[in-house]
1. What is the percent of Cα-Cα separations in segment 29-106 that go past 22 Å?
2. Over the chain, what relative contact order in percent results from Cα pairs under 8 Å that are six or more residues apart?
3. Roll a 1.4 angstrom probe over the protein heavy atoms and tell me the percent of accessible area of segment 3-218 that is carbon or sulfur.
4. Can you find, among Ser126, Ala292, Ile304, the residue sitting farthest towards the positive end of the charge dipole of the chain, where Lys and Arg contribute +1 and Asp and Glu -1 at Cβ?
5. Placing one identical point scatterer on every Cα of the chain and ignoring solvent, what is log10 I(q)/I(0) from the Debye formula at q = 0.08, 0.10 Å⁻¹?
6. With the crude spin-label approximation of a point 7 Å out along Cα→Cβ, what separation in nm comes out for Asp118 versus Glu212?
7. If you put +1 on each Lys and Arg Cβ and -1 on each Asp and Glu Cβ, how big is the dipole of segment 152-223 around its Cα centre, in Debye rounded to 20?
8. Once R0 is set to 30 Å, what does the formula 1/(1 + (r/R0)^6) return for the Cβ-Cβ distance between Ser11 and Val110, expressed as a FRET efficiency to the nearest 0.05?
Amino acid sequence: MNPDAASPTGSLATRLVKADAASIAEAGTVLRAGGLVAFPTETVYGLGADATSGAAVAKIYAAKERPQFNPLIAHVADLETAQRQGVFGRDALTLADAFWPGPLTLVVPVAGTCEVSDLARAGLESVALRVPAHPVAQALLHAVGRPVAAPSANRSGRVSPTHAAHVMGDLEGRIDMIIDGGAPDVGVESTIVACLDNSGVTLLRPGGISRERIESVLGHKVASPASAGPVTAPGMLASHYAPNAQLRLDAEHVEPGEAVLDFGGRFADVQAASFDLSPTGDLAEAATNLFAFLRALDATGAEIIAVAPIPHEGLGEAIRDRLARAAAPR
Ligand code: TXA
Ligand code: MG
């Protein structure tokens, strides 16, 4: 492992390894030594660094070319470890019990015993915590024995990776290792919920667990950032998930020359470069295909991608959120 990991010139020999006991143990050693390892979670691939080391976390920003020090999610193996990092009130505990391990991130007040570095938290008095369910992520967290900071393993402004090959394409030469664990089963990032004493429960980012499921477990509605005042997730830049092509959302028809991101077979009869997120209209299937299909349509060189209407409910909220970001002017 090279101590100059993540130099933007890309001088590291990035190793792509299949997930097995030996590669996971080795990845744990690389992380403990301050290196960068991309690993699969059930949402998207994460770019991990030792969250307790500011120097290790700084390499994430360099490798991704993140413009600012946005706060990162600290991944931990279990609720007990999470409770050493953050303070869990009643609602946070209810959500952790219901959805961990899984695609949920909780933003809670930082605990006195918190090991997550200031840089990973971007100096905030809160910490974002997630217990992932993916067996490779779980095994890796046990091997490291420390919280692992991990944003999505793509270069800043690019589409989140759902295959090890996507990670390689974006970060080869900039990170030490990529653990290939196949395709994730959720496909969009975790839902982020803030449980902070002063502002109640706020849905900061729609994601792999729908708003409806969260509200049903809590027994009450949760606020959205728009209705909750100033933006509390500083990393949520409008044009975050950016393909090269322009996206035309909620398309009712397809113009000549446009590529198509379809849903439910709406444009099945149209002659065009086309991928259907879910021919049967299944939102979970659509979420798993979203980022890979955006990359594939981009690779066709199309200038405009017409996107079929996606329902608003359930996982549709997260899919629509990512599409709106991908369509945002930049
Ligand atoms: O599914 C996921 O969540 C993936 C996998 C790898 O776990 N990770 C991910 O991380 O999407 P990232 O860095 O792309 O998004 C993290 C989001 C950012 O929008 C950031 O601003 C927000 O979490 N965040 C982190 N700490 C926060 C805090 N203390 N308060 C508010 N927002 C925070
Ligand atoms: Mg990201």
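1. 32 percent
2. Relative contact order of the chain: 20 percent.
3. 53 percent
4. Ser126
5. So the normalised log intensities work out to -0.35, -0.55.
6. Modelled inter-label distance: 4.5 nm.
7. Dipole about the Cα centre, nearest 20: 260 debye.
8. My answer for the efficiency is 0.25.
The values are calculated or read from the model by the stated rules, or taken from the named source; none is laboratory data. In this text the structure is predicted, and so the values were computed from the model without any measurement. Positions of Cβ are generated from backbone atoms using ideal geometry, with glycine treated the same way; all protein chains shown enter the neighbour counts. Please note that ligands, DNA and RNA were not included when accessible areas were found on the heavy atoms of the full protein model with its side chains. Shrake-Rupley method; radii C 1.70, N 1.55, O 1.52, S 1.80 Å.
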